[in-house]
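**Q** Just passing along the structure, written as structure tokens.
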Amino acid sequence: MTLPTHSLHRALPRLLAATALLSTCSALAQQADVKKDEQATPVNLNEIIISAPKLSDKTLLELPISASVTTRKTLQDAGMYTVKDAAMYAPNTTFTEFSARAISTPRMRGIGGSPTNPGVTTYMDGVPQTNGNSSSIMLLDVEQIDFVRGPIGALFGRNTAGGLVNITSRRPTMKGWEGEAQTMIGNYNLQDYRARVSGALIEDVLGFSFMGGYNQRDGYTKNTVNGQPIDNRGSWFGKTQFLWTPDKQLEVRLIIAGESARDGDYALNDVGQLRANPRRSARDFAGFTKRDVLMPTLQVTWHGDSFDFTSTTGLVWWKTQDTTDLDYSTFNFVPGGTFLLRNNRQQQTTWSQEFRFSNPKGVPVTISDSAFLTWQAGTFFFDQTFQQTTFQNQDNVFFPVFIPANTTNTAAHLHDQGIGTYAQATLTAWKKLDVTAGLRWDLEHKQADLSASRGPVAPPFLPSLDASSRTSRSFSQVTPQTSVAYRFTPGLMGYFGFAGGYKAGGFNTASVTGRTNYDQERTWNYEVGLKGRALQDKLGFQLALFYTDWRNLQLNTPNGASLATYDIVNAGNAASKGIELSLNYQATSSWTLFGSAGLQTARFLSGSMDNGANIGGNKVPYTPNYTAAVGTQYNWELTHGWTLYARADVQFLGGFVYDSTNQAGQNAYTLANFRLGVRRATWYSEFFVNNAFNTRYIPTAIPFPGLAASGYVGESGAPLTCGVRAGIKF
């Protein structure tokens, strides 16, 4: 095992300086009157409340759903900076990501999608991220993240066929002022600097917070042509908030978040070559990826005597550009030649507005002495524009009679508008029985202006192309959800649930085959679960068994008329079934153990087709046979306010396949992360190592017929990384 150390040598002086600075600041800060960090006390699973308002104000162990919550404390303790990291303890939940951070696809119980049409939608402070390009930004000033598994279309509508990721920001303080700063330095020239300040501009009336930072690292994959790393990363990010509470009834909150990333190229190479020689690729062209994201959100909440009202207004704007040597070192006939070169530009603006009414918080409608009703209803609007242009150049590497030089250009302009209305109510009887029923109706209209051309002369094996079209489609959907829950004792509840979800149909923006349209996808989920507390409330547990009927599945498949491009098609039907278990045990005030496990099987049903091939009985891509994670954290209270702490997180992922043909995949693998640190009331310093045993694996690969020797190109997983992190609070 070889551990890169060049970046540690360069980072050591900065690390020593940062440590000295933090120590000095800590000594000064301890002289001030500061509040003890509320996160020093472990959080029991049975105390956690789902942060998504539409999922009610009940605790995680009282809701009839299968969900996992990653709190701010866990994000800090485990050093989690991305949504993928935070999902470690969510069973049957995976993220398909490339080294270029713009492409991130969450999957729950085997159900996923493409970045442009996800099957699991990420909500940030109540605003849906309808494209993966805006859902994978750096976690910053986050209070908690909910991972809700199973379709919840009755409340959230489109693109929740597999589940929901809900991210909630930390609230500004309304009294006094506080701040914190953190730095992290490690191998591969890792550098991360971030700081936060929050305070009351008008005490108890107007609060403010700002958190921002910078992150960079060298690439993990080496370009064997010039010896330089391929997949560098670097980004600036920030979040500003204002919280206005003029009285007990009204609350207005403005959140503005943004990120600017300037990354290297995709770290792709032939899968066979990566198995033999990980994290290597030959590039004769230095590609790059860029992404800019801006997300202002306005939340207005009014608490009345008869009902509560919430308005959430969101604007999501992002722009990306990637230029890449598209053959990814798999097809270079002429030394120094670039066979395929692609430039891809995308931009999207989404405006959304939701109005929600509900019974007053904590005040249900009284039906009788033993029966109570909680309710909510709302409406949702959105307007979205998406633009994409691609330029793909194929060089002349043989005589022109065989493969003439040519370019393929596509352009797309999409305009989507939609409306949805929903209502849900829960009847509680005898403080033991909960019966919930909900229904949602959605209507969506999509319009597309598409064009594609190829020239000057098409190669013999590719058709001529010069086409443009304007087309539109409308989709409507009614989505139900119901559940029955029964509390056998105050610490034990069982439930049964039935829920529907769907993904809207749409258009392939870069298609050159005429496969312009694809239809919407539906899921029906049946679930039975048991959850509660045991061992004097020290143990919280969740157990769920599920079966999902998956109709008209949308599948990414290679486009045979254009090298290295893909279309979404409706492949047929599939079924997913499995079991999920989550545990959290507070052994002592100093020792916590936690874990999760999921078993799942997701397969295409008979009659399913991909590019004319029968895939009935095959596994659904990127669905591990199992997922599991175990972890522990222990705090040793020393003298004079010092605490020594240690943490371990180990993740197990079962084998999975890369595409519907099941011809290639990744075997089971294990990742282990460890942390050891010391802290006092106002500061901490720790050493960390991720992928401690330098496991070699290829988590992401795509079919690459005709170019890659193995038929696939993929990216190696992150290697062993280590470093030091330190922070201060004042």
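**Q** Of these, Asn614, Asn573, Asn584, which one is more than 22 Å from the chain's Cα centre (by Cα) and surrounded by fewer than 17 Cβ atoms within 10 Å (Cβ to Cβ)?
**A** Residue meeting the stated conditions: Asn614.
**Q** Pick out the one residue from Leu599, Leu583, Leu593 that is touching a residue at least 12 places away in the same chain (Cβ under 8 Å), in a strand (DSSP E or B) and closer than 27 Å to Pro621 by Cβ.
**A** Leu599
**Q** Looking at (1) in contact with a Phe, Trp or Tyr (Cβ under 8 Å, 6 or more places away or on another chain); (2) modelled with pLDDT under 95; (3) of a type in the set (A, V, I, L, M, F, W, C), can you tell me which one Leu563 breaks?
**A** Against the list (1) in contact with a Phe, Trp or Tyr (Cβ under 8 Å, 6 or more places away or on another chain); (2) modelled with pLDDT under 95; (3) of a type in the set (A, V, I, L, M, F, W, C), Leu563 comes up short only on (1).
**Q** I've got another one for you. Mind listing whichever residues of region 216-238 are in a strand (DSSP E or B) and farther than 30 Å from Met174 by Cβ?
**A** Within region 216-238, Gln216, Arg217, Lys222, Asn223, Pro229, Arg233, Gly234, Ser235 qualify.
**Q** Is it the case that some residue within region 307-316 is modelled with pLDDT of 90 or more, touching a Lys or Arg at 6+ places or on another chain (Cβ under 9 Å) and of a type in the set (Val, Ile, Thr)?
**A** Checking region 307-316: at least one residue is modelled with pLDDT of 90 or more, touching a Lys or Arg at 6+ places or on another chain (Cβ under 9 Å) and of a type in the set (Val, Ile, Thr).
**Q** Something else about it: Checking the structure you have, find out if any residue of region 362-372 is among the aliphatic types (A, V, I, L, M) and in contact (Cβ under 8 Å) with a residue 40 or more places away in the chain.
**A** Taking every residue of region 362-372 in turn, at least one turns out to be among the aliphatic types (A, V, I, L, M) and in contact (Cβ under 8 Å) with a residue 40 or more places away in the chain.
**Q** Follow-up question, since we're still on this one. Filter region 205-260 down to the residues that are closer than 24 Å to Arg291 by Cβ and among the polar types (S, T, N, Q) and list them by number.
**A** Asn215, Gln216, Thr221, Asn223, Gln228, Asn232, Ser235, Thr240, Gln241, Ser260, listed by residue number.
**Q** Do any strands (runs of 3 or more DSSP E) lying entirely in region 124-198 carry at least 1 residues that are out of contact with any Asp or Glu (no Cβ under 6 Å at 6 or more places or on another chain) and closer than 30 Å to Met108 by Cβ, and which ones are they?
**A** It comes to 127-129, 142-149, 163-169.
**Q** Something else: For the subset of region 92-111 comprising residues that are assigned to a loop (DSSP other than H, G, I, E, B) and modelled with pLDDT of 90 or more, which member is surrounded by the fewest Cβ atoms within 10 Å (Cβ to Cβ)?
**A** My answer is Gly110.
Quick grid of which residues meet (1) aliphatic (A, V, I, L, M); (2) in contact with a strand residue (DSSP E or B) (Cβ under 9 Å, 6 or more places away or on another chain); (3) under 22 Å from Arg647 (Cα atoms):
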| position | (1), (2), (3) |
| --- | --- |
| Met88 | yes, yes, yes |
| Glu97 | no, yes, no |
| Gly110 | no, yes, no |
| Val127 | yes, yes, no |
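**Q** OK, next. Kindly indicate the residue of region 475-491 that is modelled with pLDDT of 95 or more and among the small types (Gly, Ala, Ser) and also nearest to Gln424 (Cα to Cα) among those meeting that condition.
**A** My answer is Ser483.
**Q** Could you tell me whether any residue of region 498-516 is part of a loop (DSSP other than H, G, I, E, B), over 30 Å from Thr389 (Cβ atoms) and in contact with a helix residue (DSSP H, G or I) (Cβ under 9 Å, 6 or more places away or on another chain)?
**A** No, every residue in region 498-516 fails to be part of a loop (DSSP other than H, G, I, E, B), over 30 Å from Thr389 (Cβ atoms) and in contact with a helix residue (DSSP H, G or I) (Cβ under 9 Å, 6 or more places away or on another chain).
**Q** Quick one: is Val148 under 26 Å from Phe498 (Cβ atoms), at pLDDT 95 or above and either in contact with a helix residue (DSSP H, G or I) (Cβ under 7 Å, 6 or more places away or on another chain) or hydrophobic (A, V, I, L, M, F, W, C) (or both)?
**A** Yes: the conditions hold for Val148.
**Q** All but one of (1) part of a strand (DSSP E or B); (2) basic (Lys, Arg); (3) surrounded by fewer than 21 Cβ atoms within 10 Å (Cβ to Cβ) hold for Arg454; state the number of the condition that does not hold.
**A** Unmet condition: (3).
**Q** Can you list residue pairs whose Cβ atoms sit under 9 Å apart, with the first residue in region 610-627 being closer than 16 Å to Asn573 by Cα and the second being in a loop (DSSP other than H, G, I, E, B) and acidic (Asp, Glu)? Count only pairs 6 or more apart in sequence or on different chains.
**A** Pairs found: Asp610/Asp659; Pro621/Asp659.
**Q** Follow-up question, since we're still on this one. Name every residue in region 181-216 that is free of Cβ contacts under 8 Å to residues at least 60 places away in the same chain and under 28 Å from Arg279 (Cα atoms), in order of residue number.
**A** Within region 181-216, Tyr193, Tyr214, Gln216 qualify.
**Q** Continuing with the same structure: So which of Asp265, Asp305 is in contact with a Gly (Cβ under 7 Å, 6 or more places away or on another chain), charged (D, E, K, R) and in contact (Cβ under 8 Å) with a residue 12 or more places away in the chain?
**A** Asp265
**Q** Also, I was wondering about something else. Quick test for you: out of Thr632, Thr588, Thr627, Thr623, pick the one residue that is β-branched (Val, Ile, Thr), in a loop (DSSP other than H, G, I, E, B) and closer than 26 Å to Leu676 by Cα.
**A** Selected residue: Thr588, the only one of Thr632, Thr588, Thr627, Thr623 that is β-branched (Val, Ile, Thr), in a loop (DSSP other than H, G, I, E, B) and closer than 26 Å to Leu676 by Cα.
**Q** Still on this structure: Restricting to region 50-91, name every residue that is in a strand (DSSP E or B) and β-branched (Val, Ile, Thr).
**A** Across region 50-91, the qualifying residues are Thr59, Val69, Thr70, Thr71.
A quick yes/no check of all residues on (1) of a type outside the set (A, V, I, L, M); (2) farther than 29 Å from Gln554 by Cβ:
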{"site": "Gly654", "(1), (2)": "yes, no"}
{"site": "Thr661", "(1), (2)": "yes, no"}
{"site": "Ala668", "(1), (2)": "no, no"}
{"site": "Leu671", "(1), (2)": "no, yes"}
{"site": "Tyr697", "(1), (2)": "yes, no"}
{"site": "Pro703", "(1), (2)": "yes, no"}
{"site": "Val713", "(1), (2)": "no, no"}
{"site": "Gly723", "(1), (2)": "yes, yes"}
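This table checks each residue for (1) among the hydroxyl-bearing types (Ser, Thr, Tyr); (2) at pLDDT 95 or above; (3) in a strand (DSSP E or B).
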| site | (1), (2), (3) |
| --- | --- |
| Asn343 | no, no, yes |
| Thr349 | yes, yes, yes |
| Glu354 | no, yes, yes |
| Pro360 | no, no, no |
| Gly378 | no, yes, yes |
| Thr390 | yes, no, yes |
| Asn393 | no, no, yes |
| Val397 | no, no, no |
| Asn409 | no, no, yes |
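**Q** A further question follows. Of everything in region 244-281 that's part of a loop (DSSP other than H, G, I, E, B) and out of contact with any Phe, Trp or Tyr (no Cβ under 9 Å at 6 or more places or on another chain), which residue is farthest from Glu143 (Cα to Cα)?
**A** The selected residue is Asn277.
**Q** Looking only at residues that are assigned to a strand (DSSP E or B) and at pLDDT 95 or above in region 684-707, which one is nearest to Tyr622 (Cα to Cα)?
**A** Asn690
**Q** Please work out if Gln241 is outside any loop (DSSP other than H, G, I, E, B), of a type in the set (S, T, N, Q), in contact with an Asp or Glu (Cβ under 9 Å, 6 or more places away or on another chain) and crowded, with 17+ Cβ neighbours inside 10 Å.
**A** yes
**Q** Same structure, new question: Of all residues in region 308-327, how many are polar (S, T, N, Q) and free of Cβ contacts under 8 Å to residues at least 60 places away in the same chain?
**A** Total meeting the criteria: 5.
**Q** Residue by residue through region 145-192, note down the ones that are surrounded by fewer than 24 Cβ atoms within 10 Å (Cβ to Cβ), within 30 Å of Trp244 (Cβ to Cβ), charged (D, E, K, R) and under 21 Å from the mean Cα position of the chain (by Cα).
**A** Passing the criteria: only Arg170.
The values are calculated or read from the model by the stated rules, or taken from the named source; none is laboratory data. Only a predicted model underlies this, so the values are computations on that prediction, with no experimental measurement involved. As a convention, Cβ positions derive from the backbone with ideal geometry for all residues, glycine included, and neighbour counts pool all protein chains shown.
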